[in-house]
Amino acid sequence: MTSNKRWLSFILAEEGTFDALLCKFERAFQQPLICRDDKGRYIARAVCQDFEIQVIDKQDRLSELLCDEHYVLDVIIASDDHFNEAFEARIKALLSDHAIQWTRRRWAPHSLS
């Protein structure tokens, strides 16, 4: 077990509002998300039992040039005990069960072998 943080990022294929998306995540993870403005970009966070999640808005209120095409979900782990295919499958199933659509996912800073 290490104390280095890793995260599993999902590019979301959701077209609704950020508020509607947060409601879906609160139901899926059974945790309230605390939203704050981080230099023009809304980021909502929740601490779950074994990990943290953060949902990042695609809109940037400082400049239209800084906006993204998609919302992003980051699942942050502090223990390598969750750096495995079983944990990834658990998160994917949770998203699927709550009709949260995504297009790509990636582990960072390193991928699963």
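The values are calculated or read from the model by the stated rules, or taken from the named source; none is laboratory data. All values reported here derive from a predicted model rather than from experimental measurement. Glycine also receives a Cβ, built like all others from the backbone with ideal geometry; neighbour counts cover every protein chain displayed. Note: areas computed on protein heavy atoms with side chains; ligands, DNA, RNA excluded. Shrake-Rupley method; radii C 1.70, N 1.55, O 1.52, S 1.80 Å.
Values for this structure:
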item: Subset of the range 20-51 that is out of contact with any strand residue (DSSP E or B) (no Cβ under 8 Å at 6 or more places or on another chain) and of a type in the set (S, T, N, Q) - its residue that is nearest to Ile100 (Cα to Cα); result: Gln30
item: Of all residues making up the range 104-113, the number that are basic (Lys, Arg) and assigned to a loop (DSSP other than H, G, I, E, B); result: 0
item: Failed criterion for Ala93 (all others in (1) in contact with a Lys or Arg (Cβ under 9 Å, 6 or more places away or on another chain); (2) surrounded by fewer than 12 Cβ atoms within 10 Å (Cβ to Cβ) hold); result: (1)
item: Any hit, the range 10-19, residues being without any contact (Cβ under 8 Å) to a residue 12 or more places away in the chain and in contact with a strand residue (DSSP E or B) (Cβ under 7 Å, 6 or more places away or on another chain); result: no
item: Members of the range 68-103 that are under 17 Å from Thr17 (Cβ atoms) and either in a helix (DSSP H, G or I) or touching a residue at least 40 places away in the same chain (Cβ under 8 Å) (or both); result: His70, Tyr71, Val72, Leu73, His98, Ala99, Ile100, Gln101
item: Unmet requirement for Leu65, which otherwise passes all of (1) assigned to a loop (DSSP other than H, G, I, E, B); (2) among the hydrophobic types (A, V, I, L, M, F, W, C); (3) surrounded by fewer than 15 Cβ atoms within 10 Å (Cβ to Cβ); result: (1)
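Let's see how each residue does on (1) closer than 14 Å to Tyr71 by Cβ; (2) part of a strand (DSSP E or B); (3) open to solvent by 50 Å² or more (accessible area, probe 1.4 Å); (4) among the basic types (Lys, Arg):
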{"position": "Asp19", "(1), (2), (3), (4)": "yes, no, yes, no"}
{"position": "Phe25", "(1), (2), (3), (4)": "yes, no, no, no"}
{"position": "Asp37", "(1), (2), (3), (4)": "no, yes, yes, no"}
{"position": "Ala46", "(1), (2), (3), (4)": "no, yes, no, no"}
{"position": "Asp50", "(1), (2), (3), (4)": "no, no, yes, no"}
{"position": "Gln54", "(1), (2), (3), (4)": "yes, yes, no, no"}
